[in-house]
Amino acid sequence: MREELTLAHSVMAFENLNEVLVVLDQSIDIHSKLIKRYEDRLGVLLRQARESSDPRLKAAGSQIPMPGLGVGESDPRGGGGNDNKKKQDKRRDQGEEKGWIVLESEDHSLKLATGSESLIASNEISILFKIIETLKSKVPALESSRKLLSELPSQGFRADQRLRVVFKDGLPRYVLPTSEAQAQNQKKFWYQESFRIAVLK
């Protein structure tokens, strides 16, 4: 994947539309793999929470969704609906306030996990839930962006035209077609530094 996508804002040049679609396919694939990796890690922590005698860790383990429901969704049979989700979110927010030391400078601040292993594991569970939710919400946006761009040729856009794309947080926001010549079509000249003179007879 292009390294510029790791930046919050970037402007990337592409030789043709297909190059943009390839980058988006790669990004979708990376997001899917990371979601799977984080869900596997979350599953390990939640199983540990179920078996733990620590009440705080057990409370974090209660965030386990019902089978077939995504992270953060409520069981429709429970009748709680949004109320259950609000309580769940409140528990997560409260959980992140405990067990942290805030390190600050003039330009940035970060949190350092502290306390017992169960306290750190509980905070990791809360963080993983939020990260997975964020990544899952981004995949549909990437897929929609890819679909919109793939349909451009049917609207009269030349698929072989060079273009620049402005990305924000890994998502394409602006597409700028350019009349610049494609790199492969530009004439290149070389000269040889050493040569041999042959005498014609």
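The values are calculated or read from the model by the stated rules, or taken from the named source; none is laboratory data. Everything numeric here is computed off the predicted structure, so don't read it as measured data. Every residue, glycine among them, receives a Cβ derived from its backbone with ideal geometry; neighbour counts consider all protein chains shown.
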Flagged in region 96-130 as of a type in the set (Val, Ile, Thr) and either buried (at least 16 other Cβ atoms within 10 Å of the Cβ) or farther than 22 Å from residue 41 by Cα (or both), in numbering order, are 101, 102, 125, 127
Has region 156-164 got any residue that is modelled with pLDDT under 95, surrounded by 14 or more Cβ atoms within 10 Å (Cβ to Cβ) and touching a Lys or Arg at 6+ places or on another chain (Cβ under 9 Å)? no
Just checking, which of 26, 63 is assigned to a loop (DSSP other than H, G, I, E, B) and either modelled with pLDDT of 95 or more or out of contact with any Asp or Glu (no Cβ under 6 Å at 6 or more places or on another chain) (or both)? 63
Restricting to region 1-21, what's the tally of residues that are closer than 14 Å to residue 153 by Cα and among the aliphatic types (A, V, I, L, M)? 3
Just wondering, is there one or more residues in region 43-52 that are part of a helix (DSSP H, G or I), at pLDDT 75 or above, within 21 Å of the chain's Cα centre (by Cα) and farther than 30 Å from residue 154 by Cβ? yes
What are the residue pairs meeting all of these: first residue in region 15-32, first residue more than 14 Å from residue 161 (Cα to Cα), second residue surrounded by 16 or more Cβ atoms within 10 Å (Cβ to Cβ) and of a type in the set (S, T, N, Q), Cβ atoms under 7 Å, and 6 or more apart or on different chains? 24/145
